[in-house]
Amino acid sequence: MAEILKGAPVAAALDAETIAAVRALKERGVTPTLGILRVGERPDDVAYERAAIKRCEKLGIAVKLSELPADVMQGALIARIQRLNSDANVHGVLMFRPLPKQLDERAACEALMPSKDVDGISTGSAASLYMGKGDGFAPCTAEAVLALLKRYGVELEGKNAAVVGRSLVIGRPVAMLLQAANATVTICHSRTRNLAEVTRRADIVVAAMGRAEFLTAEYFSPGQVVVDVGINYSEAKGRLVGDVDFEAVEPLVRAITPVPAGVGMVTSAILARHTVKAAGGAL
């Protein structure tokens, strides 16, 4: 049976380091503060907001909420972002997406200062990730994948990794982070020819395509490490499932993350760490 790579112990270890960094900042008179900008009341946004607030409170990080109505216009949204940019007491900003259709999401992302962009949504943050220089942070979920692999001692250098998914939120950033760790990376997607052949050859498979249990046993081979980033609701099973058919794949591979209780649990810990780093904390 595979080793189950649960997120809770990883998040706990990261939080312990974050608490120490927060303590050091407060001794210098700095309280790291996360600004959360939410437009409307999407249930998933509200749920993540509550989880983020709970974790920040536990770690000693302050939170400043900015809520705007779902029918807000572009000018008001940009003004609120600029207010957060100029607020010296706010060190990091998390803006929930997707935004309502009447808003230009790309322009809103670009309005956010990269140095406060703790979830890697701006071009400046992308430049930092892809070019290795400049302000900004990697998307939290992408970095959570690497943090989880590191904590479980999964060797990356010289390994072959297949990333199934090419989004700017997870797929491509994960590929860049794996490459920076000296893995050889293949970015795949649902239209990749002979996808199962590609994934079976990999040492590490990261599933990030957003299709419930799309990757069945035929996509894997013994000895692999599988990281499932997908979060999908299965009507048939009445619960959350990943992009990987866990029940079919778990007996085959060496290690696999569960959904839920896997990568998602590490993501908010990374958000907290980014906020502390933005405040000048040493992590």
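The table for this structure:
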| read-out | value |
| --- | --- |
| By average C-beta atoms within 10 angstrom, highest first, the peptides 29-38, 90-99 | 90-99, 29-38 |
| Over 23 Å (Cα to Cα) - which of LYS150/LYS277; LYS54/LYS101; LYS64/LYS277; LYS26/LYS116; LYS159/LYS237 fall in this group | LYS54/LYS101; LYS159/LYS237 |
| Over region 140-264 - Rg/Rh using Cα atoms and the Kirkwood inverse-distance radius | 0.92 |
| Segment ALA24-ALA181, length gained on full extension (0.36 nm per residue, minus Cα span) | 53.6 nm |
| Rough spin-label spacing in nm, given labels placed 7 Å along Cα→Cβ, for ASN160 and SER86 | 5.5 nm |
| All-pairs Cα distance distribution in region 75-175, expressed in whole percent, bin size 10 Å | 14, 41, 30, 12, 3 |
| Space enclosed by the convex hull of the alpha-carbon atoms of region 1-84, per residue, Å³ | 123 Å³ |
| On Cα atoms only, tilt of 8-27 relative to the major axis of the chain in degrees | 20 degrees |
| Estimated [θ] at 222 nm from DSSP helical runs (n ≥ 4, -39500 (n - 2.57)) normalised by residues in the chain, nearest 500 | -12500 deg cm²/dmol |
| Most to least packed among 43-49, 106-112 [average Cβ atoms within 10 Å] | 106-112, 43-49 |
| Whole-angstrom gap from region 4-57 to region 118-184, using each part's C-alpha centre | 20 Å |
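Readers should treat all values here as calculations from the given coordinates under stated rules, not as data from a laboratory. No experiment lies behind these values; they were computed from the predicted model shown. Please note: Cβ atoms are built from the backbone with ideal geometry, for glycine as well, and neighbour counts cover all protein chains shown.
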